[in-house]
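Trainee: This is the structure, below, for whatever I ask next.
The values are calculated or read from the model by the stated rules, or taken from the named source; none is laboratory data. Not measured: the values here are computed from a predicted model. Cβ placement follows ideal geometry from the backbone for every residue including glycine, while neighbour counts extend to all protein chains displayed.
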Amino acid sequence: MAIRTIREMGDPVLNKISKEVKEITPRVQDLIDDMYETMYEANGVGLAAVQVGVLKRIVVIDTTGDDPILLINPRIVEVSGEQTGNEACLSVPGKTGSVTRPNYVKVIAQDEELNEFEIEGEELLARALIHEIEHLDGHLFVEKVDGPLMDVEMVEEEERVK
């Protein structure tokens, strides 16, 4: 396993559409392992393959720190409700912004054996699922920010003062 370089906003690869995974090769398995290691090293809750420069429809998510989720070829099939909150991204380091997203999402994806499964998420998990799947279509959360991007440290300081 290896820590991969996370591509940052401005890198043109982040605006490209990722390609479907048709088979799990040793190289794809290494990518998945590296994505988990990279996400945890960067203290993230999600990472899409495009964020490490690979245009494959692969996402890893762990919103709790002990429940990793792998999604291959994910697609959103249902959303409902609404939530607004600060969102950040490993590809936009040090910045956060207020984003409104659905509060519930249902996703169909494939696992490491390319078996299809369904996952549902609410609140933070819904936000992470949608955020990461949008990466696969070349979108960053900054496109949806209501208001200015803010420094993460400034927002964290304001939260401590409250």
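Trainee: If you take the residues in the stretch 49-86 that are surrounded by fewer than 12 Cβ atoms within 10 Å (Cβ to Cβ), charged (D, E, K, R) and over 13 Å from I130 (Cβ atoms), which one is nearest to the chain's Cα centre (by Cα)?
Mentor: D67
Trainee: Quick one: would you say Y36 is in a helix (DSSP H, G or I), within 24 Å of E123 (Cα to Cα) and in contact with a strand residue (DSSP E or B) (Cβ under 6 Å, 6 or more places away or on another chain)? Can you show your working first?
Mentor: Working: in a helix (DSSP H, G or I): yes; within 24 Å of E123 (Cα to Cα): yes; in contact with a strand residue (DSSP E or B) (Cβ under 6 Å, 6 or more places away or on another chain): yes.
So Y36 fits the description; yes.
Trainee: If you take the residues in the stretch 25-48 that are surrounded by 17 or more Cβ atoms within 10 Å (Cβ to Cβ) and in contact (Cβ under 8 Å) with a residue 60 or more places away in the chain, which one is farthest from P74 (Cα to Cα)?
Mentor: Top of the filtered list is V45.
Trainee: Please state which of the following conditions E113 fails to meet, knowing it meets all the rest: (1) buried (at least 16 other Cβ atoms within 10 Å of the Cβ); (2) over 19 Å from E37 (Cα atoms); (3) touching a residue at least 60 places away in the same chain (Cβ under 8 Å); (4) of a type in the set (D, E, K, R).
Mentor: For E113, the failing item is (1).
Trainee: Go through the stretch 75-162 and tell me which strands (runs of 3 or more DSSP E), entirely inside it, have 2 or more residues that are more than 22 Å from Q51 (Cβ to Cβ) and modelled with pLDDT of 95 or more.
Mentor: Numbers: elements: 83-88, 95-101, 104-110, 116-122.
Once the strands (runs of 3 or more DSSP E) in the stretch 75-162 are filtered for at least 2 residues that are more than 22 Å from Q51 (Cβ to Cβ) and modelled with pLDDT of 95 or more, what remains is 83-88, 104-110, 116-122.
Trainee: Does I3 satisfy being modelled with pLDDT of 95 or more, in a loop (DSSP other than H, G, I, E, B) and surrounded by 12 or more Cβ atoms within 10 Å (Cβ to Cβ)? Full working, then the answer.
Mentor: Working: modelled with pLDDT of 95 or more: yes; in a loop (DSSP other than H, G, I, E, B): yes; surrounded by 12 or more Cβ atoms within 10 Å (Cβ to Cβ): yes.
Yes, satisfied.
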